[in-house]
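The values are calculated or read from the model by the stated rules, or taken from the named source; none is laboratory data. Not measured: the values here are computed from a predicted model. Please note: Cβ atoms are built from the backbone with ideal geometry, for glycine as well, and neighbour counts cover all protein chains shown.
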Amino acid sequence: MTAQEMQKRQARAENLKVLKSEDGQYFVESSNGKVLYHVSRHNDKFICTCGDYTLNIKTDAEFKCKHILAVLNSEDIGPVIYLEKHQPQLDERFILDIKGKDFVLYAGVLDLATQKGLIKLEVDLVQFPSKENNMEAVCKATAVSKTGAVYADFGDANPGNCTALVSKHIIRVASTRAKGRALRDMCNIGIACLEELGDFEEVIPQNTPPHRDEKPPYKKPANKKHPAKPSNTGHEKPAGNQPKISEAQKRAIYNLGERKKLQKDQIEKQVFNTFGSSIDDLSSVNAGAFIQLLQTA
């Protein structure tokens, strides 16, 4: 069976109802709902009574008809009549509320697209940044779902629509923006990705920590029993109603840093130099910005 034929069968299997008897037997309705096909399991192999299975199993020992695929796509939750389908959902931990407006992180969109059956995600560099085009990179992302549906969109990045933190990684930013937009179309997400913003300061409140060039240089505390606390270091709790960094964000920072071969103290130093505070005192917004910085670095 070709990949295209498999995708078509997967698409048809999505809407088929699956019934299960108390003895563990499966029965799948036909497309018109007039016939029930018996799907039985023998060890790790499923067998179906439909004509499509009977015809193709003779030449393909791994063949699976749409009725078998419907059983495999169902979530067995016990002795019930109808089996429930897995419902993909966007993890709310990837949604940031900034000034009353919701933004989603690219990692959350990718997670949801994977749940929905993303099988391919490709990026083409349409325009290489150069002096002639004001150092603007343009990428095209194409996402393909298990049903064969194709979603494509573009992402652009230049020093004028990126933060200073990622301006040296123009192509990566354009690629991430393109992928985020294509995946948002696939997942039917109407809110923008945080990575699509031209500048985080467009949505980050003005009472956030100062910019990099306004921070004091990082100094490792002296090895004393009672070291004096440095003054005006920026280690204050997030102002206003900004939520603090979550444990999930903290784990993500350390995990990404480890992938980049950064030691724990190097990560903490980079956080201090970027935001003027320790990791524990970061706001959720700044934590998300730092995660993006590590992803594109």
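Is one or more of the residues making up the range 183-191 hydrophobic (A, V, I, L, M, F, W, C), surrounded by fewer than 16 Cβ atoms within 10 Å (Cβ to Cβ), touching an Asp or Glu at 6+ places or on another chain (Cβ under 9 Å) and in a loop (DSSP other than H, G, I, E, B)?
First, the residues of the range 183-191 that are hydrophobic (A, V, I, L, M, F, W, C): 183, 186-187, 189, 191.
Applying the additional criterion that residues be surrounded by fewer than 16 Cβ atoms within 10 Å (Cβ to Cβ) yields 191.
Now restrict to residues that are touching an Asp or Glu at 6+ places or on another chain (Cβ under 9 Å): 191.
Next, only the ones that are in a loop (DSSP other than H, G, I, E, B) stay: 191.
Yes, the conditions are met somewhere in the range 183-191.
Let's see how each residue does on (1) modelled with pLDDT of 80 or more; (2) of a type in the set (S, T, Y):
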position: E202; (1), (2): no, no
position: Y218; (1), (2): no, yes
position: K224; (1), (2): no, no
position: P238; (1), (2): no, no
position: E247; (1), (2): yes, no
position: G288; (1), (2): no, no
position: T296; (1), (2): no, yes
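For the range 151-163, state whether one or more residues are buried (at least 20 other Cβ atoms within 10 Å of the Cβ) and touching a Leu at 6+ places or on another chain (Cβ under 7 Å).
no
Being in a loop (DSSP other than H, G, I, E, B) and hydrophobic (A, V, I, L, M, F, W, C) is the filter; apply it to the range 154-168 and report the residue that is farthest from E136 (Cα to Cα).
Only one residue tops the list, namely L165.
State all residues of the range 46-89 that are farther than 14 Å from V18 by Cβ, modelled with pLDDT under 85 and surrounded by 12 or more Cβ atoms within 10 Å (Cβ to Cβ); if no residue qualifies, say none.
P88, the sole residue that qualifies.
Does the range 262-271 contain at least one residue that is of a type in the set (A, V, I, L, M) and touching a residue at least 12 places away in the same chain (Cβ under 8 Å)?
Step one: filter the range 262-271 for residues of a type in the set (A, V, I, L, M), giving 262, 267, 271.
With touching a residue at least 12 places away in the same chain (Cβ under 8 Å) added as a condition, the list becomes 267, 271.
Yes, the range 262-271 contains a residue that is of a type in the set (A, V, I, L, M) and touching a residue at least 12 places away in the same chain (Cβ under 8 Å).
Filter the range 108-130 down to residues that are more than 15 Å from the chain's Cα centre (by Cα), surrounded by 15 or more Cβ atoms within 10 Å (Cβ to Cβ) and either on the phi > 0 side of the Ramachandran plot or assigned to a loop (DSSP other than H, G, I, E, B) (or both), then give me how many there are.
The number of residues fulfilling the criteria is 1.
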